[in-house]
Structure formats: C-alpha cells, structure tokens
Amino acid sequence: MLNALRRNGRGPRLALALAAFTFATGTSAREIAEGLDPSKASTWQLPGADLYGVAAIGDSAWAVGYWGTALHSEDFGKTWAPSGTPTEATLFGVSFADPQHGWAVGERGTILRSDDGGKTWTPQSATVADPAGGGDRPLDTHLFGISAVSPSEAWAVGDLGVVLHTTDAGASWVSSPIPPESFADENFPERILNAVRFTDPQHGWITGEFATTLRTTDGGATWVGQRKLVDTAEDLYLFDLSAQTEGRAAATGLAGGVLLTSDGGSTWEPHTAPTAAGLFGVAWSGSNGIVIGDRGEMFLTLDDGATWQRPERPKLFNWIRSVTFADHNHAYAVGERGLVLASEDGGLHWTQERGQTPTPRAGVSVPEPGRSTEPGRKNLPPAAGQEPAKAP
Amino acid sequence: MTVQEFTERFSRFFIKWRGVNLLLIGAATIFFAYHALQLQVFSQFIDLLPRNHPWIQVYEKYNRQFGSANVVVAAIVAKQGSIYDERVLEKVFAFTDQIDKVEGVDHGQINSITSITQRDQEIDQSGIMRSHQIVGEAPLALLEAQFFLRRTLHRAQQRGEELPKDLAALGALIGKRKAMLEDELKADSPLEKAAATDPAKAEELRLVQRENAELEFLKLRLGELPEGYELDGERLVGPEGTLLPKEVVASLPDRIHQNKQVYGRFVSLDDTAAMVMAGFLEGRLDYEKIFHELHSLKEELEADGTVEVHLTGQPVLVGWTFFYKSEIILIVLLSLLTLVVMLGIYFRRWYGVVMPFSGAIACTIWGLGFISLMGYQLEPLVLVIPMVITARAISHSVQFVERFYEEYERMNGDKHEAVISSMAELLLPGFIGIVADAIGIIVIGVSSIALMKKVAIFGAFWSMSIVVTEMLLNRLMIAYFPAPKDTSHYVPGGIMWCLKRIAWLSTNPTSQRLIFGAWVVIVVAAASVALKVKIGESRPGTPVLWENSEFNRSAKVVASKFYGADDLTVVVETEQPSGVNRPEVMHEIEAFQRYMEQDENVGGSVSIVDYLKAINRTYHNADPRWLSTPYSDQEIGGLLYLYEAGSPDPRILNPYRDQEAQNATVRIFYRDHQAGTIEHAVKRAEDYIFARPTGRVAIRLETPRHDFWARVHWWLGPLVPPRRPELVVLERDDAGKYVKQTVAQPDRQEPPPPDSTEWILTLPRTTKELLDVLVSAGYDNVQKIADADLTELSKVQGFDLVTAYALKHAAELDRRHYTVESEWQDEAAGVHAQVRRRGLYELPELWVKYQGADWVRRESGQWAEGTSYALASGLMGVLGASNAEVEGSNNATLVASFTAIFLMILISYRSFGIALLLCVSLGTATLVSLAYMYFANIGFDVNTLPVQALGVGVGVDYGLYLMDRVVQERRRGHGPDDSLRIAITTTGMAVFFTGSTLVGGIIFWYFISSLRFAADMALLLSVVLGVNMVGAILLVPTFASLFKPRFLTAGEKAPAAAAAPVESAAAS
C-alpha cells in the first residue's frame, strides 16, 4: 500500500489544483539563467525557483528552496545573493545558530552545512537503520525541519518519523526515532514530522501529521506527546510550529487551523484564522503572530490569536511556505516562484523583495461587469478591421 | 548526319504526316482532358513532412499516442472585462463542444477550460482521489442548456416562428420541432433515401440529425434545471437573475489561478482570453469544410458582441488558402487576359495570339490530366507552379511565331516551307531548353517531402509536355491554318529602335567594358547576400498570408495573450514497460525541462513530472513541499494510476505518458516557429542530451557539421549518398566519468534478420494498431509485405498508394542484406550497437540490442541506458525537419539545374563557349533572385523552393534561342558581331515579347493577391524573367563579342570583317 494513501486515509476534504506547471510569469521579459552546464545540474541557479524555508538572525537572513537554491541576505532582506550548493535536491528547511553557522535540509536526506553565513555549503550525510535488516543505510527520505541549537548541535526531522541529532557540528548525525508510546495517538509512528524548534538546548518541540505535538524538556532524551486538543480534530494535519518559550507555542495546520498553548503543550486551544486554506507556516514574537499559507494567505494577530487581520501587502496568490521573525520588527516570508516578502514593522506592512509573481489582473475577485479598462487590455491588438491597413 | 540535317528531316517528316500526328496529339489531349476533369483539389498535412528525416520517423512512430501537430488554436477574447462572465464562458464551452463535431478532429486532443481533459483533483472523505472539471459539472450543464437554447431560438426565429415566453412554451416548441425532425429521420423517409445518392441531401440529413440531437440535449438539460429557473428572452435565468449561481463565477478565478496547467496556457494571464486547442488528423481532410464550419461557429459566437474569436493553426491556414482558391483562379484568368492583349499589341497578327494560347491550354490540360492520373492532388499554393509552366509554354510559342513570320516574309509567303524552316531551326534550342528545365524540376523530388516529390514528378512531366503541346502542336496548327494574307512581318518601331541601340552597345568596345564592369558589381553584390537567404519562416505568423490578414492578426493575439502554442515535443524513451515510472527517469525529465526553459523564446513546458508532482502534493494535504517525485517506482505508478482511475477518461495522461509507461513526452512551448527559433531550440536540446549522458552507456550517431564533406553535402544534398556517421559510444567508468569507446568498423555483410509477425514492428512508422490491421489483411510477416502487390497493399484499411509504397519499400529494404558499418559491444553491460546500411543511398540506421532483448531500431539515432531522448515532434519538430530537408536540397537543386543545362548545351552545340555564356546569364538571374529573396525577407520552404527551382529554368530558353540564331547567322556567312546584331534585333525581339508579356501578366498579382505567397512569388518570377531577358539580349551578346569564344570566331579569317556598318547589318 502506498505510504501516501495510508497517510491520508482519513484526510480532510480538500480541493487542490495541479500546481506544478512551470510557465513563467507575464508577457514581459522573464529572468532566465544562461550558460547552464547540462552535465552539472547541481550548479544550476534557477531564477524563480520556489522557496520553502527561511531563517533570520539580526540583519542576516537565509532562504532555501527548489533545485538546491540557497540565498542569503545581510541587509534585512533587501538584497539576496545566491550561493552555490553542491546539490540539485530541493531544500526544505534552514536554520542558523549564529550568523555564521547553520544547516539546510531537504529532499531524500540532503543535509548541508555552512560555516560562513551561507556563502558556501558542504554536504553532510546521515544513516538510519535499514528496516530490511543488514545494518545502516544512507538516509533517503525527505528532511523537512531543522533547528540549530548551537554551532555544533542541531536537530532535524522529516518523513517516516525520522529524527536526527548531531552534537559535533554534523560530522555525525545520529538517528533517534521517537518511541511509539511517546505519541498521544494510536497512529503509526512512521509519520511525517514537519517541524522542529528548540528554544534552548533543553527545550524543544516537534510537530507533524495526526496533530503531532511533541515536547522535550531534557534535551531530547524523552519526548512527550500527551496533550488536550480543545474543539479540534484528533488528527489535524499540522505544518509548522513556532515556540517562544518552553511553555508557549503556536502550531498551524489545515483549513486555517491555528493552535496555541501556554502550558507547555498540555492544552491546545484553537484560534482559527479566517481562511479555508492550509496554513503552512507560523512565526510568533511577543503577542504578535503571523501565519501564512496556500493561495498567498497571510494573517496577523497582535493579541495572541484573539483577533486576526490581513496585513497590507502586494496582492498575490503564490503559495507562501515559510515565515520567520528576525527580531520583533523584521519578518520574512518566502514561497512560490522565489517569492520573498519582508516587513519592518512586525508584520503590519509587507513589501515584495524578490520573486516572479504572476499577478492576476482580474484579481481573485469577480470583475464587475462592464468594467472595460483593465490594465492588461491596453496591450491588446486592435480588433479585426480596426488596425490601419499596412502597406505590404 | 548533322544536327541541322536531322532537325530539317524530322520537320519535313512531321509536317508530311500532319494528319496522323494531329490525330495522335488530339487523342492524347482528350485522354488527359478526361482525367483533368476528375482532378481533386485538397491538402493533407502528411504531405508536408519529410518522411525520411529521423525526427519525422520519431513523430510518426508516436503521433497516434502523443498527438498530432496539425492543431487548431483558437483564442476567445472577452471584449469587456474578463472571461469570468457567464456569457463568455458559454462561448468557450460552445467552441469546445462544437469543434468536437467537426469532421477530421481527433476527439482525444481537444483542450480548454471546459474540456474534460483539463481538471482539478481532490481527495474525498474516504481518501479516494477524484478529479472534476474546472468549471464544474453542474455549471457546464447550465452553459450547455443556454447555448443550445440560443441556437434553438435563432433557428425558430429564422423559420419565422413566434418565440416562446416561458419555459412551458419553450418545451412545446421543442416538442413540435422534434416531432417534425424525427419524421424526416425515419427510416425510408424521402430525405433519408435522397441522402444515399445526393451529397447535398446527405449534408442536409446530417444537419437534421445534429439539430435533433441538440434538441434532445436541450430537453434533457431543461428537465434537470434547478428550482427557480425562468426564460428571459434568450436567456435562462436562475433565482439570482443570472444563469450561473454567482458563487460559482466568483470562485472560478481562484480555481483557474491555482491550476498551473491552465493558467497562462488555456486562460491568459490577464484573464481576458481563453484558448481552445484541437488536434486534427493528418490524412486527407476537407479543409474547406473545416474552415467553413469553424468560421460560421466564430460568427455565431461573436454575434452578441461579448467575445472575439481568433482562429490560428495549420488547419486554419490551409483553410484560408482554400478560401482564396477562387481568387487565385480569377487572377490566373486575368493574367491570361493581359497576355492576350499584350501579345495582340506586339504581333498585330492573330497567329501571335492563337498559337501561344492554344498551346498553353493544351499544355494545361496535359499537366492537370497527368496530376489526376497519378492520383495526386492540386493544392491552392501549388497553383503558382502551373502558372510558371504555362508561362514557359507561351514563351516557346512566341519564339516560334515570331520566327515563322520572319521566315514567311523571307520566303515570300510560302507557308509550307516557312513552317518547316522555322520548325527545324527552333527544334534544337527549344527541346534543349525544355529538357534542361525538366531536369531542374525533377531534382527537387529527391526530397522525402511528399508534396515536393509530387511537384517534381508532375512538374517535370508538365514541362516536358511542352514539347508536344506547344512545339509540335503549334507547327501542326499553322500547317492547317490558312496562310496569312499579309506576308510582311510586323516590327514595332519603338522596340526595334531600342534593340538596335542594345546591339550597338553590346558590340562597341567601350560600352562592352562598361557593361562588364556593371555586371561584376551586380554579381558581387548579389552573391554577398544570396547564400544568406533563410530557410523556413523568417517572421512570426505565416508568410503565406499578408501581415495584416485576419490569420496573422489572430496569431499575434494568441502570441501576446498566451505563453505560446508552438510546441517542441521530445519523447523520452526507456527500455521496458514502467521504465518511465522510475524516480531517476522522472528526475532526468525534470532536469531537461528546467534546462530547456532557460530560454527567452520559451513560454513554459509540461511533462508527466508536472502532473506527478501536483498529484503528489494533493496527496500530502496540499503541502507544496511534496511537489516532488515520490521515492519509488511503485509509488509513482500507483499515484498516476489512481489519478487516471479518478478521471472520467482513463486516457487523461496519454499525451504525457503511454499506457505501458515505457515512453513519455516533454512539451516545450515557444512563442513562434520562425526558423531561427526552431534551430536554437533544437540545438539547445541536442547540447543538453550530448552533455548529459545517463546510465552506464550512451550511444549516438554523429555527423560532423563543419568539415569538408559537410560543405559537399550542403551543396549537393540528396544527390550524393548519405554520409557515414560516426558511432559515438560513451561508457561510464568507475570514477563516474564518461569515456569515449573505440568502435569497430567491420563493414561486413549480414543476411536479413529472421522474419516474424513481430518483426513487422521494426519497420519505420509501424505501430501495434497498424500491425493488427496488416495481420488481419493477411500480411503477417515482412517478406509478405515486401512481395505484396502495391495496389493490393494500398487497399488495406487506412492505406493509400503513398503509405503502401513506403511500407513495401521499407519491407524490401529489411529483407535485403545489409552492411554493418560500425559496431560496438560490451558483454558485461549487455549492450550491442550497430550502424547498418542497406544501400548506398539509404540512411544509415542505429540498432541497439540491450540485455537479451531483441534488436531495436533507434529512429532518433540515440540510445542511452535508462533515459533516451528522441527528437523532435510537435509543430517545432515537424517544421524543423522540413526546414532541414529544404536546406539539404535547395543548393542541390541549383547545382543540378546548372549542371544539366550546361551539359545539355555542351553536348548539343559542341561548344563550351555557348554553354558557359548561357550559364553566366542564368547564374546572374539566379543570384539576383536570391538577393531579392533576401531583401524581401522570403525564406525557402516547402512552398517557395519549387517555385525558385522552376524559376531558374524560366529564362534559359531566351539565351538559347539567341545563341542558336547567332550560330545560324554565322553559318549563313555573317561576321561575328553582325551575327550578334542580327540575333538581337530578330530573336531578341521575340525574347523581349515573351519576357515583357509574362512580367506584365504576373506582376499585378503582387497588387491584388490576398495571398502574400502568390504576390511574393509573382515578384520573384518577374525578377527572374526580367534579369534573364536583359541577360539574353544584352549580357550574352556583349560577353560573346567581348571574349570572342571559338564558336563565334571559328572560320573567320579576318577579324576586320566585324567592322561592317551597324545599320546595314541590323537591316538585313
């Protein structure tokens, strides 16, 4: 039986369009990469590559994504420089312990390490026990979440319940799967783990499918999954988690689901954002929270989730996959087609710094009938018969 | 017996037996006339394809699976606001629905936002993947009801019936009308009976059936209407006052923008236009009917002013050429009328008009009859060629009549002797001119493009027929006609004055040098651009129609609104079923796509990977991180299977992957199909494939493109045997580096491989479906096909003579011994590759045997373990192959024409000088015409190449007649320069007549033709004719006088004789 099917055996009703057709944007000149070497696909820098993960410390910020894309900025997200990565695998998550040292993880067990603030990256590898027996084999499942605790210590999580831990700057990654009894549900433990966040070396959180919210207070020696979900489906699919302290955290999931806890994960209260879209990312700073998700959805709360507002931002409908606070004011969100949004006022206003955004001229609302002068119509060739006959 | 004696005797003999001869020619003409009446005018896409080109072999191998390149692209543009308006959506639905009813459409290849092929998918409560139409099934039913309602009411209105006020009245109207129609549709109804014999009635019956079916649908849809729907005039309105619930229209933009398969491709980025694409079959189609139906549909949909419908694509283009067919015929008639008038003015004698004309008509009958006899067809764009040939016929006739009048005057009214003498004198130059010309035409038939082959064969025959229909028939007619009363030869004073000045110029030493200098300048200037004439289309849209024609305006709209509709399709082949489902193959496809997209001409690309990733994402709660390839082939196969199973048509992924998952496609969309764009696109693909071998072993055939032999092939093309390609084998070593392997060159003969039913599949262009058809017809092995009777084979279902011949030829080749030119084998890797050639002029083939499987012919000339790429299908591939073929043969055509002409003249006149002089004149005309093509931005393509090839020969007879006259005058004892002057003022007169008459006859095509192609060609031919005329009258005599070749000076004792007074010589 397919993993995918098993995972979604009781999935919620969900409509989704095919979303990988790779047409570029607009009829205007599109950014293209020239001189790609076909024999070295891992060196390709593809303009407009989807971005999946973002991290920030001070004025430094990093974003990673499709086809080994890794970007870094040192001016609060104004300019982003690409760095060469030794991989064509898609990178899903990035985390830095300090402005110099950090990791990125991605497709099929990809782990990259940087010691120079994201300018260059070197590959690392992890092995896991082969379920078929015969010792260890290289990890080849996707890694989705990474949390750098210190320049030498980090945690990573991914598909099929993979949890990795290093204490030697990644020279060796130790697989430390969570024991089945630690989960708060009866589902199989080889589940998708989407995010890991450590607030300090002792306290950390993991989130994933089947409303998985695990917490450790002893540096990952034991994980506790017991929690009470208030008015929320037992198996709400959770995409991301933002931990503020050992006690306070927020998790986001399908259909606008936002869960908040202030008692170390024992009780989770729903604070649903007004959307049916999946919320792929969450970032919290003080009482301000930002959630982002599918179809360009983005909501801001200034009162710990009691009320939600749509911040001021460019109209777009690319999906947004990841959001983070650099400090209480600076925040970044990244997503489809290389999209980078940046805010300097704690998320109230956002500007687009980067990315190809196919902005629909008719917008996502229904155009009023009779409105004839849309921006896009100016370029229309004249109707038949109106064009002045050109001499052949 | 000298040539002169022979022509003299032949002429006497021929005129003596004139009765029998006339009877014979008459009988033949009646025979051809009978066939000419059955001539068919049609067009088939397959005729435009060079069938030997590797890309076309790949295309033909896969087109049934992955779709044809003969595609109609329609843009439906909202005049106000966006397409998210129920009236616009109704039009999109209607067009998509109705184009499916057009004869010749491939029902599986219709795509738009309302077609069942474009879908959204979701996971339902029980975890099953379901897909649904983007607009939604219920709204589509409402759109259908509205569209058929509108049609029904319009029909009622046309019949003068009162329109219903409410749904009940509408129901009554439908009931009444249906009863009436069903009456007509009853078995044995008068209409039914008449339809069996009368095509017009059959069409009427079809319309009745269609209306009946539409009423049935309407009734059904009206029965299903939700509560609260009312009839408001022509509109169905629901409780909200609109046809579609407001919520449906409001949510549509969101769904469209989310669907990347659709947004940008089938809906424009600005939301103001929707695209409908429909593939058509490639055989013989009634393009006139297709065009008519599409256009009336366009008019019907545009009637209420909400949308504009723009139609483009190859079938529409062919439709336009048929649309202008009657105009072309009208222009041809006008040209002929002009010719009559001009000939009348020149000759002032009725023979001067009747002879060229009767000959031209007879020639046309023979030509058209021959086309029909061979089972060929005439296409509108090919109509230019008969015009050129007719022009040549007229030109020969004018020479004869002019000479006849001259001789008639000389012989003081002895008609019989005048005929024989003029006939004898012109037999040689005329015959040589015609034969040389025919050779020039037949050379274009070496191309494997069926249309060019056909044009070559009938063009050569048609040209040759001038010998009979013009040269011989004219003489017979004059022999029978009453002798002209006026023996004096009318000489237009003005023209004579000019010719005398020209004669003076060409024999005067100073002017000779000036003329020579001017010639050098012109030739150098023309030559500098002549080789730069582009191959293929050199501008967006089509060069066949004017820039501001409806078609080209529509093409511009499509190009500006959408990412591009011209696709390059690359087939990705693997060794066994399910091979495509391997993650590493999917990754290769994805990498190839990403590489190809980094090109500013590219709008986007699509492959099975895009579907796979999107489906994978859907399965993972829409998390975009799962826009990735699953881990294993089982998972990939399972996901794709579930997607197919959740769609109403399980073949939904067929354009992207075959049912066995052995082969897949990558489609890359380009903004235009100019030759440069295609070349660049293919080069990028090849660069990629060469630089990124996959698996342990990668094999390809390589032919150097820039060495000495490449130049030879560039000039001689199909005249020389295909080159021996290099078998390049790359094998991966332990360090992961690819190392080029040494390849054996055994050149050993091998017997044909064992025959079997399965083996038929290795023949080019055979598919499993075709195999079934062949086996059921009794052809169950290759030998049987090779031995088959051609006419019997052509009767197999779906075959015609051309297909049957191609298959039989392939089977015969297969049963021959073949030479293994190069060979490489690696037992450990299980790979064995051979380059086989079955004949000197046959293309070398790459055969690969992999891990115990049988030998497989690699049409693409490539093989790689795991993932092989086969270039190139889609419109870009098909046109690219066609361009390559044209490029390969256009120089060869020139070389062959010139060689033929040179040799013919050399042999018949035994004079190197004459041959060289005439080729210089012809070469000048050709260079100038090429320069003209360059400056007028006309490229070589399937349509223009035959005209250019024919054009080379158009002027050869001018110089030939003139030189012949010079030789004759020399024989009569005139001095060299005197002979030249006499020739210029006599034969030169006839040359001037024909030249100016023909230019006058065709030049105004340029001003009135709606087809840019006809206008371009008219101007091109005028240039060729004009230059050849000047060449014959001025250049040839000047050079002769200047360089004094032996034929001119032989027997001349004192060069001083040339100093005879000009006036007296000219007057003699």
Exercise for the section: May I ask you to say which residue of B:627, B:612 is at the interface with chain A (Cβ under 7 Å from one of its Cβ atoms) and hydrophobic (A, V, I, L, M, F, W, C)? Expected result: B:627
Practice task
Inspect all residues belonging to segment A:234-253 and state whether any of them is modelled with pLDDT of 85 or more and of a type in the set (Asp, Glu).
Solution key: yes
Practice task
Give the residue that is surrounded by the most Cβ atoms within 10 Å (Cβ to Cβ), with candidates limited to residues of segment B:996-1016 that are more than 20 Å from residue B:543 (Cβ to Cβ) and small (Gly, Ala, Ser).
Solution key: B:1001
Practice task
Just give me the residues in segment B:258-277 being under 17 Å from residue B:133 (Cβ atoms) and either facing another protein chain (nearest Cβ under 7 Å) or modelled with pLDDT of 85 or more (or both), in sequence order.
Solution key: B:258, B:259, B:260, B:261, B:265, B:266, B:267, B:274, B:275, B:276, B:277
Handout entry: Condition met for residue B:506 (more than 21 Å from the chain's Cα centre (by Cα), at pLDDT below 85, crowded, with 19+ Cβ neighbours inside 10 Å and not aromatic (Phe, Trp, Tyr))
Key = yes
Handout entry: Residue in segment B:590-601 that is farthest from residue B:563 (Cα to Cα), counting only those that are facing chain A (nearest Cβ under 8 Å) and touching a strand residue (DSSP E or B) at 6+ places or on another chain (Cβ under 8 Å)
Key = B:593
Exercise for the section: Please indicate, with yes or no, whether at least one residue in segment A:320-335 is within 24 Å of residue A:78 (Cβ to Cβ) and among the aromatic types (Phe, Trp, Tyr). Expected result: yes
Practice task
Residues being among the aromatic types (Phe, Trp, Tyr) and either surrounded by 16 or more Cβ atoms within 10 Å (Cβ to Cβ) or more than 18 Å from residue B:23 (Cβ to Cβ) (or both): count how many of those fall in segment B:461-503.
Solution key: 4
Handout entry: Qualifying position, being more than 14 Å from the chain's Cα centre (by Cα), farther than 23 Å from residue B:255 by Cβ, within 14 Å of chain B (Cβ to nearest Cβ) and surrounded by 20 or more Cβ atoms within 10 Å (Cβ to Cβ), among A:236, A:300
Key = A:236
Practice task
Confirm whether residue B:1020 is closer than 24 Å to residue B:915 by Cβ and touching a residue at least 24 places away in the same chain (Cβ under 8 Å).
Solution key: no
Practice task
Taking the options A:98, A:116, A:50, A:130, name whichever one is among the charged types (D, E, K, R) and in contact with a Gly (Cβ under 6 Å, 6 or more places away or on another chain).
Solution key: A:50
Practice task
Among residues belonging to segment B:498-556 that are among the polar types (S, T, N, Q) and part of a loop (DSSP other than H, G, I, E, B), point out the one that is farthest from residue B:942 (Cα to Cα).
Solution key: B:508
Problem - Residue match in segment B:829-844 (condition: touching a strand residue (DSSP E or B) at 6+ places or on another chain (Cβ under 8 Å), surrounded by fewer than 18 Cβ atoms within 10 Å (Cβ to Cβ) and among the small types (Gly, Ala, Ser)) - result: yes
Completion exercise
All conditions in (1) among the aliphatic types (A, V, I, L, M); (2) closer than 30 Å to residue B:875 by Cβ; (3) in contact with a Ser or Thr (Cβ under 9 Å, 6 or more places away or on another chain) are true of residue B:37 except (2)
Problem - strands (runs of 3 or more DSSP E) contained entirely in segment A:58-144, each with at least 2 residues that are within 27 Å of residue B:592 (Cα to Cα) and within 14 Å of chain B (Cβ to nearest Cβ) - result: A:60-65, A:91-96, A:102-106
Exercise for the section: Determine, yes or no, whether residue B:665 is assigned to a strand (DSSP E or B), of a type in the set (Val, Ile, Thr) and modelled with pLDDT of 85 or more. Expected result: yes
Exercise for the section: Please give the number of the condition residue A:178 fails out of (1) assigned to a loop (DSSP other than H, G, I, E, B); (2) under 19 Å from the mean Cα position of the chain (by Cα); (3) hydrophobic (A, V, I, L, M, F, W, C). Expected result: (2)
Exercise for the section: Evaluate the following for residue B:255: is it within 14 Å of another protein chain (Cβ to nearest Cβ), assigned to a helix (DSSP H, G or I), farther than 16 Å from residue B:150 by Cβ and within 49 Å of the chain's Cα centre (by Cα)? Expected result: yes
Exercise for the section: Please find, within segment B:47-80, the residue that is surrounded by the most Cβ atoms within 10 Å (Cβ to Cβ) out of those that are within 14 Å of another protein chain (Cβ to nearest Cβ) and in contact with a Gly (Cβ under 7 Å, 6 or more places away or on another chain). Expected result: B:80
Problem - Extreme residue, surrounded by the most Cβ atoms within 10 Å (Cβ to Cβ), among residues of segment B:631-647 that are under 44 Å from the mean Cα position of the chain (by Cα) and at the interface with chain A (Cβ under 7 Å from one of its Cβ atoms) - result: B:639
Problem - Residue check, residue A:198 touching a residue at least 24 places away in the same chain (Cβ under 8 Å) and either surrounded by fewer than 24 Cβ atoms within 10 Å (Cβ to Cβ) or more than 22 Å from residue A:105 (Cα to Cα) (or both) - result: yes
Handout entry: Flag for residue A:274 being in contact (Cβ under 8 Å) with a residue 40 or more places away in the chain, under 23 Å from residue B:620 (Cα atoms), surrounded by fewer than 19 Cβ atoms within 10 Å (Cβ to Cβ) and not basic (Lys, Arg)
Key = no
Problem - Any helices (runs of 4 or more DSSP H) falling wholly within segment B:81-197 and containing at least 2 residues that are free of Cβ contacts under 8 Å to residues at least 60 places away in the same chain and more than 30 Å from residue B:241 (Cβ to Cβ) - result: B:167-185, B:190-197
Exercise for the section: Within segment B:854-869, work out how many residues are hydroxyl-bearing (Ser, Thr, Tyr) and assigned to a strand (DSSP E or B). Expected result: 2
Fill in the blank from the handout: For segment A:303-325 the number of residues that are modelled with pLDDT of 85 or more and either among the aromatic types (Phe, Trp, Tyr) or surrounded by 24 or more Cβ atoms within 10 Å (Cβ to Cβ) (or both) is 8
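The values are calculated or read from the model by the stated rules, or taken from the named source; none is laboratory data. As the structure is a computational prediction, the values presented were derived from the model and not from experiment. Positions of Cβ are generated from backbone atoms using ideal geometry, with glycine treated the same way; all protein chains shown enter the neighbour counts.
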